[in-house]
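Here's the structure we're looking at; comments come further down.
The values are calculated or read from the model by the stated rules, or taken from the named source; none is laboratory data. The structure displayed is predicted, hence computed values, not measured ones. Heads up, the Cβs are rebuilt from the backbone with ideal geometry, glycines too, and the neighbour counts pull from every protein chain shown. Note: areas computed on protein heavy atoms with side chains; ligands, DNA, RNA excluded. Shrake-Rupley method; radii C 1.70, N 1.55, O 1.52, S 1.80 Å.
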Amino acid sequence: MNGVAGVTGVAGVSDGGGVVGGESAAGSVVAAAVGGSVGGERLRRWRLVLGGDGGEGTGCVLGGRDAGVDAALGALYGGAGERDERGRRERSAGLGASAPSVARWLGDIRTYFPSSVVQVMQRDAIDRLGLSTLLLEPEMLEAVDADVHLVGTLLSLNKAMPETTKETARAVVRKVVEDLEKRLATRTRSTLTGALDRSARVSRPRHHDIDWNRTIAANLKNYLPEHRTVVPERLIGYGRASRSVKKEVVLCIDQSGSMAASVVYASVFGAVLGSMRSLDTRLVVFDTNVVDLTNQLDDPVDVLFGTQLGGGTDINRALAYCQSQITRPADTVVVLISDLYEGGIRDEMLKRVAAMKASGVQFVTLLALSDEGKPAYDREHAAALAALGVPAFACTPDLFPEVMAAAIEKRPLPIPDPEVVV
């Protein structure tokens, strides 16, 4: 079979009841179930899903555009082929290790499928057929549809990339980064500017600057039951915007291979936060070593090419460095972005987090900063952090501004999914 369950729902070749795949026997059962009661269009869809095994049973012959779609899917996901000694089906089609054949295939899938499906198929080609090395050729980079995952792959190949390819790779990465900045920057700045203004409390606010929620909470002891009112002895107001630094933010990013998408998004957000005068932003990446990339924050592409995806993980060492850079604990937010698979000293890591929290630091742990679903993470370490009052959860890029705003204002974090939090 083609094995296209990951893409057919979008590509328009799934059956109305869902995407179904299987061996030839399963195909025969499906064909028997729908045969005689459905028209050629439904059989055509089943034929595309099942992939044209000689025993798939639809009796449908593809031609024209459908034949092209089937060939593009078969090249990636495989066709009928023979069985090996263990009874597993061997692939009879493939892209090979030829740049021209892959380039033609990339052109075909852009013709037949929408961009979102093209990106899924590109990722599958890299994962299933080992085509990463072909990305080291400039003509291949110019042919692919770039997204966050492709950027992560390029960064992992950075050290192996020849000089002739690096400029093309930077151009690809820059395009993705600029698109992300356009999508995320305005909302991030507006959300955090409001949070910064609200976090700067004043004791003698003008009437329209009074924070009534905090004022009432601070004066509940002065409630007069007979008048059913609160007499405010102390007013709490919002501070007015100023150019002075109000908060310090430290982004501490795990650059192990599984965190590629998070590294890309965190670098973009780091650049956005670094452009805000009211924030003093520091960006630190780590594996078993710690690298401070703060001086490159004005260009997130430089930040990304300063990372080295892969390798081990020493969270404790990274946090030790971040802790040494904190000058105003009560006005500092530390964001640890990591799957928490610690290769360093676990107990020391937890003691360090506890010490930062005790000093007044707002500590946030994100298991992932990406568009994907539930991440893989070390549940024992996540539970240990939760016991310190630091919930660990996955966060999408769209939610990140709200998380940062809540941390700046020292209010409960907007945790998105209770199932991905400890």
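Checked against the criterion of being in a loop (DSSP other than H, G, I, E, B), open to solvent by less than 30 Å² (accessible area, probe 1.4 Å) and closer than 19 Å to VAL364 by Cα, the candidates THR307, THR313 yield just one match: THR313. Please determine whether any residue of segment 189-204 is open to solvent by 80 Å² or more (accessible area, probe 1.4 Å), modelled with pLDDT of 75 or more and under 24 Å from THR396 (Cα atoms). Yes.
Being open to solvent by 60 Å² or more (accessible area, probe 1.4 Å) and β-branched (Val, Ile, Thr) is a condition met by at least one residue of segment 160-174. Sort out which residues of segment 327-364 are of a type outside the set (Gly, Ala, Ser) and closer than 18 Å to GLU409 by Cβ, and write them in order of number. Of everything in segment 327-364, those that are of a type outside the set (Gly, Ala, Ser) and closer than 18 Å to GLU409 by Cβ turn out to be ARG328, PRO329, ASP331, THR332, VAL333, VAL334, VAL335, LYS357, VAL361, GLN362, PHE363, VAL364. Among (1) touching a helix residue (DSSP H, G or I) at 6+ places or on another chain (Cβ under 7 Å); (2) modelled with pLDDT of 95 or more; (3) open to solvent by less than 50 Å² (accessible area, probe 1.4 Å); (4) farther than 30 Å from LEU180 by Cβ, where does GLY344 come up short? For GLY344, the failing item is (2). Screening TYR321 against (1) under 21 Å from the mean Cα position of the chain (by Cα); (2) open to solvent by 60 Å² or more (accessible area, probe 1.4 Å) leaves a single unmet condition, (1). For segment 261-278, what are the residues that are among the hydrophobic types (A, V, I, L, M, F, W, C) and crowded, with 22+ Cβ neighbours inside 10 Å? Within segment 261-278, VAL263, VAL264, ALA266, VAL268, PHE269, ALA271, VAL272, LEU273 qualify.
Can you tell me which residue within segment 375-414, out of those that are of a type in the set (Asp, Glu) and under 22 Å from ALA185 (Cβ atoms), is least open to solvent (accessible area, probe 1.4 Å)?
The extreme case among them is GLU409.
If you go through segment 101-130 and keep only what is closer than 16 Å to LEU154 by Cβ, open to solvent by less than 60 Å² (accessible area, probe 1.4 Å) and free of Cβ contacts under 8 Å to residues at least 12 places away in the same chain, you end up with just GLY130.
Residue pairs whose Cβ atoms lie under 9 Å apart, separated by 6 or more positions or on different chains, with the first residue in segment 214-230 and farther than 25 Å from LYS410 by Cβ and the second open to solvent by 60 Å² or more (accessible area, probe 1.4 Å) and in a strand (DSSP E or B), are THR229/TYR223. Evaluation of SER101 against the conditions (1) part of a helix (DSSP H, G or I); (2) more than 30 Å from ASP371 (Cα to Cα); (3) modelled with pLDDT of 75 or more shows that the sole unmet condition is (3). Scanning segment 211-234 for residues that are open to solvent by 100 Å² or more (accessible area, probe 1.4 Å) and either farther than 29 Å from GLY194 by Cβ or assigned to a loop (DSSP other than H, G, I, E, B) (or both) gives LYS221, TYR223, GLU226, HIS227, ARG228, GLU233, ARG234.
Checking each residue in segment 145-160 for being closer than 12 Å to GLY306 by Cα and modelled with pLDDT of 80 or more picks out only LEU155. In a residue-by-residue description of segment 271-289, the property of being touching a Pro at 6+ places or on another chain (Cβ under 7 Å) and not in a loop (DSSP other than H, G, I, E, B) applies to at least one position. Looking across segment 64-83, the residues that are part of a loop (DSSP other than H, G, I, E, B) and modelled with pLDDT under 80 come down to GLY78, GLY79, ALA80, GLY81, GLU82. Quick check on my filter: what residues within segment 131-146 are open to solvent by 20 Å² or more (accessible area, probe 1.4 Å) and under 26 Å from LEU369 (Cα atoms)? Passing the criteria: SER132, VAL144, ASP145, ALA146. When VAL268 is tested against (1) over 25 Å from LEU196 (Cα atoms); (2) under 19 Å from the mean Cα position of the chain (by Cα), exactly one condition is not met: (1).
Count of segment 141-182 residues, restricted to those that are farther than 20 Å from GLY107 by Cα and among the acidic types (Asp, Glu), is 5.
Of the strands (runs of 3 or more DSSP E) lying entirely inside segment 322-422, those carrying at least 1 residues that are in contact (Cβ under 8 Å) with a residue 40 or more places away in the chain and closer than 20 Å to LYS247 by Cα are 332-337, 362-369.
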